[in-house]
Structure formats: structure tokens, C-alpha cells
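The values are calculated or read from the model by the stated rules, or taken from the named source; none is laboratory data. Because the structure is predicted, anything quoted here is derived from the model rather than measured. A quick note on method: Cβ atoms are made from the backbone with ideal geometry, for glycine too, and the neighbour counts reach across all protein chains shown.
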Amino acid sequence: MTRLPNRRLLALALAAGIGAPALAQAAEPFTVSDIRVDGLQRITSGTVFTYLPVERGDTLTDNKVGESIRALYKTGFFE
């Protein structure tokens, strides 16, 4: 399995719009209107979307952000 550096996952999280609430304390929940994946070199964005437990239209909370990041790390594609 190919692993990507931690910086790639952080960039992915920020690009997907889930990183901002993770960096802020007690972020207000919001509705996800779009998810964009940038910077991938060894896996496709479709692979990320398969494992990402967030979709457009979902309400994103602090707990959901943590769950999403853990789910992506659990795939083994990221370090």
C-alpha cells in the first residue's frame, strides 16, 4: 500500500472544507455544499470519496470532522 505524507492529508482535509472546523474550537455546524480533493498523486479522488464519511448536503460537526480524518487515516493511504 502506498502512503502519502501527513501534509497531503492535511491539505486534503483543508481542500475538502473539513479542516477549518478541526482547527477551530467549538466550530458551528454547517452544511457541506461542495467537496474538492487536490494534491493526490498515488490514489484517485474517487478512492478518497469512497472512504470519506461526508457527502454534499451533510451537516458537518466537530465530531464528524474527527470521524472523517480518522476514517481517511484508517485506510492506510496516509501517514
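At a glance:
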| item | result |
| --- | --- |
| Cβ pairs under 8 Å, 6+ apart, first in the range 48-72 and closer than 18 Å to Arg36 by Cβ and free of Cβ contacts under 8 Å to residues at least 40 places away in the same chain, second part of a helix (DSSP H, G or I) and small (Gly, Ala, Ser) | Tyr51/Ala71; Leu52/Ser68; Leu52/Ala71; Pro53/Ser68; Pro53/Ala71; Val54/Ser68 |
| In the range 15-31, residue modelled with the lowest pLDDT [restricted to those that are over 13 Å from the mean Cα position of the chain (by Cα) and assigned to a loop (DSSP other than H, G, I, E, B)] | Ala24 |
| Leading residue by the ranking (surrounded by the most Cβ atoms within 10 Å (Cβ to Cβ)) among those in the range 50-79 that are within 10 Å of the chain's Cα centre (by Cα) and not in a helix (DSSP H, G or I) | Leu52 |
| Residue in the range 32-41 that is crowded, with 17+ Cβ neighbours inside 10 Å, of a type outside the set (A, V, I, L, M) and modelled with pLDDT of 90 or more present | no |
